[in-house]
Amino acid sequence: MVRAKALDQNPRTDMYLELTGFTSGILLVGFLWVHAFFVVTVIFGASTFNTLSRFLEQYYLTQVGIALVFLIAVAHIGSVARRIPTGFREHRSVWRVAGMMRHTDTYGWALQVVTGLAILVLAAIHIWVVLIDWPIEAVKSARRVQADYLLFYIILLLVAEYHSGVGIYRQFVKWAKIRRRSLGLAVGAAIAFILAVNVGALWALFRLGCIR
Amino acid sequence: MGRKLTLDIFRYNPSAGWTKPGMQTFELEETPGMNVFIALTRIREEHDPSLLFDFVCRTALCGSCGMLINGKPRLGCKTFTRDLPARTTLFPLPLFKLIGDLSVDTGTWFRLLALRTGAWLHTSRAFAHSILEERMDNETALKIFEADRCIECGCCIAACAKVHVQDEFIGAAGINRLARFLLDPRDERSEAQHYEVLGSEDGIFGCMGLMGCMDNCPKDLPLRDQLAYVRRRMTAAGLAWGGKEDGSRNRKTK
Ligand code: SF4
Ligand code: SF4
């Protein structure tokens, strides 16, 4: 258990990493919410959606946004990656501990690793297909959702919301003084709400895709 | 007549020359008020005198009977068989050095923890038995006592996935132990000195908030509050830290 640490390591590194993981996580969840509210405008019709997307693009808000989110995501991955169990043996011991105690919170975290990696891959694909089909327009998105990507988006939505829900819950457990039960309920309700918004948006896009 | 209990117990005694670990099944009749301590004692008396397990106080104060009861870290003396199913599995606590069967050495782990974190009161005042003890206000004393209730049973360590993958992590018991000195006005260490011990991935910033510790602490210590308190306080200390004068790793014990 005792091992000499490098003497020249900046003693504040681990604290900064902790704060970066926390801040970037919160910002990314914030982005997911904003994103959901933007996309859901399609419920009010393709033109509402297009007006919004054109407005955002005109002032380079989309481009800047994508770049910012990319940077925040890099910071997030960089600061949380140290927590990912390295190698098969470590993964196995995490799942074993969770399994032997049948402990929900530990399971929740073990799944964070899986969902985090899934998001990494799926979100990259999502951004890629959006970028090659620039600019963002309701009909294009609708066609995409209707044609091949419905299942893809459902999976991305579920893993992203799961990851952000468990992440937020754990940050509050770590820093704040709210009872875990109430906290779990509050986070669950918020996630259910944002899921509903996203599902509504997907449904509207799918229908739009059917009509065109 | 009581229930018939079946206990599947992990057996391995390396010092007796055993080469292979395995499970052994024992059956016994449940008696009123039976706990795992009584059950194991009966097994040792009636079935197999070679069964190894630790008990000292039988009242959840010594912390020696931590073991995995149906996979969960529990104290044998505090776990009543009436709360268990008819078939129960007993394993020694993981992570600690196995002495044999259900007996593990938690002492070495906790001693190393104390040594490497300086987990004792650091004061320049010499002890004089002729003068009265310093007074402390009741609220502070109670807060310190809340952390001091830890019996070092090791359940929170065995329950922490983080310690399983990073054995230098001092775990909830370690952080809780140091929180006690953060609270103690008699301790003369500066925030920076506390930070040196706690402000790293092996200290508070290694904790991932999984709460395996709190959910399995047999003494119901408010571990989450302790962890959050230390985390907030050490973050503040780290942010305020000039970094130079205390940058050396030599802890001043004064
Ligand atoms: S904090 Fe609780 S579980 Fe951990 S060693 Fe102390 S008494 Fe045992
Ligand atoms: S909260 Fe989790 S990571 Fe932190 S000490 Fe407890 S079990 Fe370990």
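Quick one: among A:47, A:182, A:164, which has the greatest mean-square fluctuation in a GNM of chain A with alpha-carbon springs under 10 angstrom? Between A:47, A:182, A:164, it is A:182 that shows the largest mean-square fluctuation. Surface analysis of the stretch B:105-147 yields an accessible area of 76 Å² per residue, using protein heavy atoms and a 1.4 Å probe.
Residues of the stretch A:68-85 whose accessible area, computed with a 1.4 Å probe over protein heavy atoms, drops by at least 20 Å² once all protein chains are present relative to their chain alone are A:82, A:83. The slack in the chain from residue B:140 to residue B:46, taken as 0.36 nm per residue of separation less the alpha-carbon distance, amounts to 28.9 nm. In the stretch B:4-104, Cα pairs under 8 Å separated by at least six residues give a relative contact order of 35 percent. What the pair-distance distribution of the protein assembly as shown shows, using all Cα-Cα distances binned every 20 Å from zero, is 21, 44, 28, 8, 0 percent.
Judged by the mean number of other Cβ atoms found within 10 Å, the most tightly packed of the peptides A:166-174, B:118-126 leads the ranking A:166-174, B:118-126. Highest GNM mean-square fluctuation, chain B, Cα pairs closer than 10 Å: which of B:138, B:216, B:176? Checking each option, the largest mean-square fluctuation is seen for B:138. The angle between the Cα long axis of helix B:106-117 and the main principal axis of chain B comes to about 10°, on a 0 to 90 degree scale. Compared with the dominant Cα axis of chain B, that is its longest principal axis, helix B:138-148 is turned about 50°.
Per the accessible-area calculation with a 1.4 Å probe, the total area buried between chain A and chain B rounds to 3700 Å².
Quick one: which of A:174/B:219; B:72/B:219; B:97/B:219; B:20/B:72; A:174/B:162 span more than 18 angstrom between C-alpha atoms? As for pairs spanning more than 18 Å Cα to Cα, those are A:174/B:219; B:97/B:219; B:20/B:72. When the protein assembly as shown is described by a simple charge dipole with +1 on each Lys and Arg Cβ and -1 on each Asp and Glu Cβ, the residue from A:150, A:70, B:141 located farthest towards its positive end is A:150.
Using the 1.4 Å probe convention, the accessible area of the stretch A:17-211 works out to 54 Å² per residue with neighbouring protein chains retained. Exposure check, 1.4 Å probe, all protein chains in place: residue B:207 carries approximately 10 Å² of accessible surface. Across the stretch A:17-211, the relative contact order, built from alpha-carbon pairs under 8 Å that are at least six residues apart, equals 33 percent. Solvent-accessible area assigned to carbon and sulfur over the stretch A:1-90 amounts to 73 percent, based on a 1.4 Å probe. When the solvent-accessible area of chain B is split by element, carbon and sulfur atoms take up 54 percent of it, the probe being 1.4 Å.
Solvent exposure of the stretch B:4-104, expressed per residue, is 48 Å² of accessible area, with all protein chains present and a 1.4 angstrom probe.
The label-point distance for residue B:124 and residue B:112, in a model that sets each label 7 Å from Cα toward Cβ, rounds to 3.4 nm. Helix A:104-132 against the longest principal axis of chain A: what's the angle in degrees, Cα atoms only, rounded to the nearest 10? Tilt relative to chain A: about 40 degrees. For the stretch B:131-164, heavy-atom accessible area (probe 1.4 Å) falls by no less than 20 Å² from the chain alone to the full protein assembly at B:159, B:161, B:164. Among A:106, B:59, A:62, the order of accessible area from largest down is B:59, A:62, A:106, computed with a 1.4 Å probe on protein heavy atoms. With the alpha-carbon atoms of the stretch A:17-211 aligned to their principal axes, the span from lowest to highest coordinate is 52, 34, 28 Å, starting with the largest. Only helices enter the 222 nm calculation for chain A: every DSSP H run of n ≥ 4 contributes -39,500 (n - 2.57), and dividing by all residues gives -27500 deg cm²/dmol, rounded to 500.
The values are calculated or read from the model by the stated rules, or taken from the named source; none is laboratory data. Here the structure is a predicted model, which means the values were calculated and not measured. For neighbour counting, all protein chains shown are included, and Cβ atoms are generated from backbone atoms with ideal geometry for every residue, glycine included. What goes into the accessible areas is simple: the full protein's heavy atoms, side chains included, and nothing from ligands, DNA or RNA. Shrake-Rupley method; radii C 1.70, N 1.55, O 1.52, S 1.80 Å.
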